[in-house]
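Here's the structure, in structure tokens; my notes come after.
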């Protein structure tokens, strides 16, 4: 399948995802209208968005700019195969002895 490149179709796709989110959210609350369920749905929505941000923005822009991911499966493969050389804490700059007086 080719990448989606037309901004109009990208916006439409985002709008459809938003519709799925809102309809699912509403149907779950109608099925079980409790504050606890509302809180859990809010946490689920928020944490899913943060995880997505981490997988597709933080990793590519802050952790390893050389990699481009095509989906959650590729992120999982990357995290499972990641070598210590990709660890920013172990970069050559951080491995050199510090100049101490």
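The values are calculated or read from the model by the stated rules, or taken from the named source; none is laboratory data. Treat the numbers as computed from the prediction; the structure is a model and nothing was measured. Neighbour counts run over all protein chains shown; Cβ positions are idealised from the backbone, glycine included.
At-a-glance table
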| read-out | value |
| --- | --- |
| Test for residue 66: is it out of contact with any helix residue (DSSP H, G or I) (no Cβ under 7 Å at 6 or more places or on another chain) and either assigned to a loop (DSSP other than H, G, I, E, B) or closer than 21 Å to residue 17 by Cα (or both) | yes |
| Flag if residue 43 is out of contact with any helix residue (DSSP H, G or I) (no Cβ under 8 Å at 6 or more places or on another chain), farther than 30 Å from residue 82 by Cβ and not in a loop (DSSP other than H, G, I, E, B) | no |
| In the range 53-74, the residues that are closer than 19 Å to residue 3 by Cα and in contact (Cβ under 8 Å) with a residue 12 or more places away in the chain | 55, 56, 69, 72 |
| Residues located in the range 69-89, provided they are at pLDDT below 60, surrounded by 12 or more Cβ atoms within 10 Å (Cβ to Cβ) and either touching a helix residue (DSSP H, G or I) at 6+ places or on another chain (Cβ under 8 Å) or not in a loop (DSSP other than H, G, I, E, B) (or both) | 86 |
| Meets criteria (modelled with pLDDT of 95 or more and either part of a helix (DSSP H, G or I) or touching a strand residue (DSSP E or B) at 6+ places or on another chain (Cβ under 8 Å) (or both)) for residue 59 | no |
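Condition check ((1) surrounded by 10 or more Cβ atoms within 10 Å (Cβ to Cβ); (2) farther than 29 Å from residue 70 by Cβ) across all residues:
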{"site": "8", "(1), (2)": "no, no"}
{"site": "13", "(1), (2)": "yes, no"}
{"site": "22", "(1), (2)": "yes, no"}
{"site": "26", "(1), (2)": "yes, yes"}
{"site": "31", "(1), (2)": "no, yes"}
{"site": "35", "(1), (2)": "no, yes"}
{"site": "38", "(1), (2)": "yes, yes"}
{"site": "41", "(1), (2)": "yes, no"}
{"site": "45", "(1), (2)": "yes, no"}
